[in-house]
1. Here are D:Gly263, D:Gly276: which of them is of a type outside the set (A, V, I, L, M), in a helix (DSSP H, G or I), more than 14 Å from chain E (Cβ to nearest Cβ) and more than 30 Å from B:Gly140 (Cα to Cα)?
2. Determine which single condition D:Met112 fails, assuming it passes every other condition in (1) at pLDDT below 85; (2) farther than 12 Å from E:Val8 by Cα; (3) hydrophobic (A, V, I, L, M, F, W, C).
3. Answer yes if at least one residue in the range D:302-320 is more than 26 Å from D:Ser228 (Cβ to Cβ), of a type in the set (Ser, Thr, Tyr) and within 12 Å of chain E (Cβ to nearest Cβ), and no otherwise.
4. Among (1) away from chain C (no Cβ under 14 Å); (2) modelled with pLDDT under 90, there is one condition B:Ile143 misses while meeting the rest; what is its number?
5. At pLDDT below 80, part of a loop (DSSP other than H, G, I, E, B) and away from chain E (no Cβ under 14 Å) - does that describe any residue in the range C:145-158?
6. Of the residues B:Lys319, B:Lys324, B:Lys265, B:Lys310, which single one is over 17 Å from the mean Cα position of the chain (by Cα), closer than 22 Å to B:Ala95 by Cα and within 14 Å of another protein chain (Cβ to nearest Cβ)?
7. Please specify each residue of the range B:133-191 satisfying the condition of being closer than 30 Å to B:Val213 by Cα and small (Gly, Ala, Ser).
8. Filter the range C:142-159 down to the residues that are among the aliphatic types (A, V, I, L, M) and surrounded by fewer than 20 Cβ atoms within 10 Å (Cβ to Cβ) and list them by number.
Amino acid sequence: MMGPVDPALREALAKQFPDVFAAEGDLDPNGVVVPAALHVALAKTLKESFGFTLYVSVIATNFPTAEGETYEVATVLRNPTTAQPFWWRVRLGADPQLATLYPLFAGADWQEREQFDLVGVNFVDHPDMRRLMLSEDWEGFPLRKSYAIDTPHTPWR
Amino acid sequence: MNLRQRDRINPHLDLDTVDAAADLMALNMGPQHPSTHGVLRIKLFLDGEVIIKAVPYPGYLHRGVEKLCERLTCVQLTPIFDKHDYVAPMTNEQALNIALERMLGVEVPRRARYMRTILAELQRLASHLLWLGTFTLDIGGTIGGGASLMMYTFREREPILDVFEMLTGARFHYNTHQVGGNRHDIPDGWAAAVKTCMDQLAARMPEYEEQCVTNSVFLMRTKGIGVIETPLALELGLTGPNLRASGVDLDLRRDAPFHAYDEIKVNVAVSNGCDTHARFEVRIAEMYESIRIVRELIDNVPEGPICSLKPVRTVNQIKLPEGKQMYTAIETPRGELGTWLIGGGAEKGACPYRLKIRPPSLHAMAALPYALVGHTVSDVVAVLGSLDPIMGEVDR
Amino acid sequence: MAIDDGRSFEHPLYHYWENSPGGGIGLTTLDRLLMHSARHSLWFFPMATSCCAIEFMTAAASRVDLDQAGTIIRPTPRHCDVMVVAGTITVKMAPRVKKLWDQMPEPKWAIAMGSCAICGDFYRDIYSVVPGVDVIIPVDVYIPGCPPNADQVMVALQRLQEKIKLQLEGKFVERDLRPGTMIYPKIGTHGDARQSAEVAQAQLDGARGLGVGGKEHRVPRPAAVQAPPEADATSDSGEQS
Amino acid sequence: MIPNPWLNGLVVGGAVLAVLMTLGALASWWERKFSARLQGRVGTTILGPWGILQPFADAAKMIQKEDLIPRDADRVLFYIAPLFPVTLVLGLAAVIPFAGYWADGVWHGAAMVADVDVGVLFVLALSGLMVFPLWMAGWASNNKYSLLAAMRAVAQGVSYEIPMVLAALVPVIASGKLSVTGVIAWQAEHGWIVARLPVVGFLAFVLFYLTSLAEANRIPFDIPEAESELVGGVITEYTGIKSGLFILSEYLHTLVASAVATGMFLGGGHVPGLAGLPIWAQVVISLAAMWFKTLALFVSIYWIRWSWYRFRSDQLMELCWRYLVPGGLGLVASTAVAVSLGWV
Amino acid sequence: MVAQWIPVLVYLSLCAALSVAMFVASALLSVRGRNNTPATFDNYECGEEPDGAAWIRFHPRYYIVALVFVAFDVEAAFLFPWAVNLRGAGWLPLVDMFVFLGILLIGWAYAVRKGAIKWQ
């Protein structure tokens, strides 16, 4: 029930995105890994053809590896009639850029701004990519692993 | 002009659309303001008293909780989670512990699940009571009828907090849930106290409802104000009562059951009004429903253990599997509180690698630029109050 | 001892009274009467940010009822005597707290409610949290707890009244921690610097056009005022059809 | 009434002033206790018996508070604006007879500062002036909340002035007198307006009462204050005794407006059965009756205040112009017809 | 005639003196802060820096309300002398005034229909 990809949905999606959903590995509960190029197309298909109209969340995560910084952006949608959630992940490199979902989902506006603010993933074509939580003159992205939790911010510490 | 709300309102601070020479008054509401429910700041561009554009600025209570979660172990997290949504700490704890349990595959004993259900419903009542008080306070004024109703709702909220205190020893931040079950068992006389409390509330709720719905000024102030159309509500990710007031029949308690909700029937209140009054109606209906659920469950709590794991002794007793990611959501009084949990962080996996909280209030706040445009300054507080935001949850 | 010693405020006319014959005694009595009144009419300014705010509201509600001691909660700092900092103060919020504190008229006092306001609690080490509100304003009474129970606010009010009494009698030695030695944060602009400047200028021009207002605004309207752009200000608001 | 007009003004005026100021101060204490009782609280308890000294402590505190004038404010207007509201509101009481007696079959007013023959106009004029200090304060503060509040206050004040005048015309038409004493005397002779003019009198009374609420900025018409949206309204920037004077003036306004409504519609100090008693007894009883009626109205104003919600400003104007103004005209017309036909 | 206004004048001066006395007492007794900063004298705007002055040009609808008020208030003032002398004056003044009020009501209906009094 809480699994990310319901088999019937996967069958249907596999017709449209054979590269992504043909492999057996996509049943991994961590969610399907989708190439960045298909990010918007998948969201559009899900919204328009499969009724995933409720925008739930977007989660960016920083994974520092031996090769360098990598990022993952997970997007969660929900189908309001079946209450079924669906999520997929996009892997990004050291300079994280991903197309915005704002034209599809108005809620992506603030969510993506928040992830930009805290993790530093830049959502391309977002109309208003400002910091949301921290003040405009803040330096660094707090939720990156390289950012110390007690990074001093003058004049208090 | 049959454009959808989304298309005709630009929510962004855009220099081209707000004409600086048009003599608009730029009015800051917040961060310290009696009616912004905490430290939200809304910048209003006013033409006379009509709002041309509303730009909310959250973040004045950004406490870096997600960063803190990466440094604390799973056992230490529960008291932190109490403080996000400080009006409903109980359900916040549950959201965290369910996420951890689902990731670890831990079963929760039936008794603990029943207790959690009762606690969640009591918390929903307490939270909605506080909402009712502050909402009417916003409409009726600090010196006025709203204040009277607020005093009543705070009075009704106290017995519920007393019941919590009886169980957990704390009035506010409980720390009573743990992975695998609950920490405190039901004490003697608790069921009777809960029943007394529910009887009292059930007897008085109609009065409070009547005080609002029979008041013509209240109806004038709420009907047709702050409309959030159904497609926009879905796009924004509104959940809980706000979404149901926009005509979407979605309640995770019924549709994706957690706790003991799969064993009982939950009647979901839905309204097609999409406006402030619809949100009011939905929440009032939810309160009656919560009273019914608590009364139904309180006599039927099964016997048995309250926790399936060993009692917590050390902070890194629980270890999350590395690399596993999961989204878990439950229905709190404000809507879908989700957690995106990535296992295998510091302390050999005892800390989460990443814990993203999906707060329902943040999404509700994102609706403000759409819901406020075209209304007057007075309506800001009514709309804001009806969306029931908690800034601790918005900013985290 | 001069009556104003050790206080954060002074009475401009008091030293004339003091120096007049017999004025000293009358003045002391009057000052006691006034401070006695002030002690029993402490109006609270709720600098309420998070969890403690709820308990603070509870304190004003039926079970505790701050009104018993003559306390009213007023939303504007200009009417208030006591700032109650209830909740976590973040780096973004701190300049506003400081500014609101400054905007309160003397005599004024501050209560730090809850461990977040006292020391930052377990958010203390976090990048965006101020470790205790006494870094920026002088705190008179601390209420420990997370959050403190509502009745503790009443207790704190009584402690504050005691403190004012002791201050009046010269028995209370103030800590060397006054705003002069404290951090004075500046409010940064948040994303709309250009916007603010333009709106401010436009409004100033408007005020000049009206020929009314404060002294500094009473200057002739500049000759070369650019014509307002054609853009329709209401274009994005949508007609309420 | 003391024959020398100067002395009369000084003595009776001083007495009226003292009583009104004391009642105004006590009103704030009483309101706190009353609202507390309404809300299941206790209210002030500590200072004095039942906390009755609380308003005096508040006043003493306000007097010693620092006097801050914002840098960008219009200093002169900002400074003088608080002088007016209390003065104007107290001035309203100048033409109200707080007692009365029968002598030679004619009702005389007593305990009044001056028996002005255009008393009704005087009351309406001063009441209309009340918006000016509010506007001055709101404008001079250079605070956006104050300004919005001031604009609302002026719009509300001038709009509700009209139904108020129309409601006041009803007793004037019925009695043919423009002085408050004259109106009361006619009522003493023919019966109180609320009862004498069936339905119309009562509706006019309700209209006058509502508009008085609006003029005194009381819920549901307290738009200019509107704490929950406009923080402190016009007095946002005022500290100490200046804000205190505005707050005091509102209590006094409700008190005086109740007295005016009592005089115009409820027969003032008149109660049946006075004729034949010695004059001093008549004066004492009518004084008590007048204050009883006034305070009853006063209590009802605060009862409404603590149980109703607030209108929005546009709804308020809508209510006034769409319903109250034509309603008031209708009342005037029907009274005129009734009087012309000799029905009353 | 003038004599009846003398007590009113005396009384009004007393009232004004009361307000002034409070101001004087406040001036004598009020304190002055030693640690005032520039922020103390800023305008209060919820702790933010005010965005420009509050003195803006108002929307014309405020003036329309004022104009409608003036029209009605003058009519109301005309009603008073008529009202005082109505009793026993017969039919004619009643009809006259009804014509007058009728014209006023037509104006009112026009204003309402046009939304002139719509506040916002």
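The values are calculated or read from the model by the stated rules, or taken from the named source; none is laboratory data. Keep in mind that this is a model prediction, so the values were computed, not measured. Glycine also receives a Cβ, built like all others from the backbone with ideal geometry; neighbour counts cover every protein chain displayed.
1. Working: D:Gly276 fails: in a helix (DSSP H, G or I).
Of D:Gly263, D:Gly276, the one residue that is of a type outside the set (A, V, I, L, M), in a helix (DSSP H, G or I), more than 14 Å from chain E (Cβ to nearest Cβ) and more than 30 Å from B:Gly140 (Cα to Cα) is D:Gly263.
2. Result: D:Met112 passes all but (2).
3. Taking the range D:302-320 as the starting set, the residues that turn out to be more than 26 Å from D:Ser228 (Cβ to Cβ) are none.
There is no residue in the range D:302-320 that is more than 26 Å from D:Ser228 (Cβ to Cβ), of a type in the set (Ser, Thr, Tyr) and within 12 Å of chain E (Cβ to nearest Cβ).
4. (1)
5. Keep residues of the range C:145-158 that are at pLDDT below 80, which gives none.
No, there is no match, as no residue in the range C:145-158 is at pLDDT below 80, part of a loop (DSSP other than H, G, I, E, B) and away from chain E (no Cβ under 14 Å).
6. B:Lys324
7. Scanning the range B:133-191 gives B:Gly133, B:Gly140, B:Gly141, B:Gly144, B:Gly145, B:Gly146, B:Ala147, B:Ser148.
8. The answer is C:Met154, C:Val155.
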